[in-house]
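Just below is one structure, and these are the notes that go with it.
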Amino acid sequence: MFTKRLLLPGFLWICCFFFVPLLILFLFSISRVGNFPTDLSLFPPTLEHYKQAFDPIYVSIYLYSFKLAGLSTLICLVLGFPLAFFISKLPPKKRQIYLLLVFLPFLTSFLVRTYAWFTLLRPNSVIGQLLSSLGVQDSFMSSSSGVLLGFVYDYLPFMILPIYSVLERFDFRLVEAAIDLGASPLQSFFHIVLPLSFTGIIAGCTFVFVPILGDCIVPRMLGGGKVPTIGTLIEDQFLGQLRVNWPFGAALSLLLMAIVLLIFSRFHKQLKDSQWL
Amino acid sequence: MRKKSDVLPSGFLLKALKLEIILTYAFLYIPVVILIIYSFNSSSQALTWESFSFKWYLALFDNEDLVVSLMNSLKVAFVSTFLSTLLGTALAIGLDRLKNKYSNSLEILSILPLVLPEIVMSIGLLLFISRFCRPFFESFGFEAASMLGVVIGHVTFSLSYIMLIVRGKLRHMDKSLEEAAKDLGATAFQTLWKVTIPLLAPAILSGAALCFLLSLDDFYVTYFVTAGGSGFHTLPMYLYNMQARNGVSPEINALASLLLLISGIIVAIAFILQNKKTS
């Protein structure tokens, strides 16, 4: 039938420009380093890049990235949940406006938002002066704290939206029932609202944690080269100033993809329930 | 009298929560607001406010490279929005009509570009294009080749976004109108053209606006596909290079504010269109 065949061009595009590149990424990851970055010496294939990826130096970078991403996710959750909750309890008309207000910064360029934060963290900026006059070290710039803040700033909306959409569908009569039965508002929150919005929380955490792992802009812009993450590591293999190593970078990318797929398959059920996948 | 469904705690905790919410909103907006304010600062020192002036904005337009980047960004955005809207809508409709055992997996496969980290997709495209497509593209000329690469990158993820949005609308759409059309003797194509697509129009348009915005603002995919900027620049890439070379400068502030303004206008238009359609 004609309408079914409509899906072909779009799907072929994805196959050609998404799946085929992934295949090529795989081929690169098992080939030897050639004279030029784009050389593909596939025969014989080698697993040396994957072995190299598990070298302790790199493993420490992975662990550091996970810590950074995990901390950022946690902060986003703590900041974002009350906001999502607050918006979901507003009357419908007001909700749209407040939601839009949350997303307006997000709808502008990721780069611009990171840059805006960058300007604030410079030593001779408003905040820098404030901090040093308070006696706090003004080394927010070029440090992991700056990068952490940058991550939270850039990815907070990704946490708020999934939680909000789950809370929006939440049946608050359950809470009424609990209060009728004698529970305090706090108790009903922790025993009813929180567990039932769990799928939204998982979705939000996933949509923050996963992109942060692969992010190479924020650590580079706000970390001044002192904050190595998985993202910057991969970028360095392809576009770095020092030795580039495309096959190694390809192996790293595929390993990152494997981790992401693991996360998604582990939380597949929750993500499905939150209707985000 | 307290509403029964009020889960909010009373007293101090409530005040703390309200404070937290206000602070979070402030956190989201303060850097951007400060950026915009200082872009009008005629002094180049970040701290001292001299006077209100447009001079940095004017300096931007004198900059030929920047104007070229802007044009590049717009060209890429229009082409990729057009292509991805076409392909994505078709994909969504096709998937909706296909009701066999594969349709679920196909849907998930179609969303994969959004799910995987952008860096993986961008690098894959870098390898694919630079290794296998370059010779072919270059026959069109160097600039067209770079632009083609960027467009391909943008379409690949925009496609999935549009697919998601239109598919969502399709799920909630009232199928009885389509059935009525078929009962009245319309062919599949006529039903599609005269019934389905007009009903989907708000979703398609807001999806297209989103893709345009994403393409304009995109840095990641563009950066990798052009291997760090081999001559072909879009606006975000230009900003990144300026920042990498000069750090913070008022011109960059002006540029960033301009980008914010363009994005804001597009969002406003999309918002108005959306509300007009539903009313």
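Under the condition of being within 7 Å of chain A (Cβ to nearest Cβ), open to solvent by 20 Å² or more (accessible area, probe 1.4 Å) and under 24 Å from B:Ser263 (Cα atoms), the residues counted in the range B:68-114 number 1. Considering the conditions (1) in a helix (DSSP H, G or I); (2) within 22 Å of A:Leu83 (Cβ to Cβ); (3) open to solvent by less than 30 Å² (accessible area, probe 1.4 Å), A:Ala178 is excluded by exactly one of them, (2). Any chance the range A:263-277 includes a residue that's of a type in the set (Ser, Thr, Tyr), open to solvent by less than 10 Å² (accessible area, probe 1.4 Å) and farther than 19 Å from B:Pro113 by Cβ? The answer is yes; a qualifying residue exists.
Taking the range B:116-135 as the range and being without any contact (Cβ under 8 Å) to a residue 40 or more places away in the chain and either open to solvent by less than 10 Å² (accessible area, probe 1.4 Å) or within 19 Å of A:Ala251 (Cα to Cα) (or both) as the test, the residues that pass are B:Leu116, B:Pro117, B:Val120, B:Gly124, B:Leu127, B:Phe128, B:Arg131. Residues of the range B:179-229 that are within 12 Å of chain A (Cβ to nearest Cβ) and open to solvent by 60 Å² or more (accessible area, probe 1.4 Å): B:Lys182, B:Thr187, B:Phe189, B:Gln190, B:Trp193.
In the range A:245-256 there is at least one residue that is surrounded by fewer than 23 Cβ atoms within 10 Å (Cβ to Cβ) and at the interface with another protein chain (Cβ under 8 Å from one of its Cβ atoms).
The values are calculated or read from the model by the stated rules, or taken from the named source; none is laboratory data. Source: prediction; values computed, not measured. Neighbour counts are summed over all protein chains in view; Cβ atoms, including those assigned to glycine, are modelled from backbone coordinates with ideal geometry. SASA here: full protein model, heavy atoms, side chains in, ligands and nucleic acids out. Shrake-Rupley method; radii C 1.70, N 1.55, O 1.52, S 1.80 Å.
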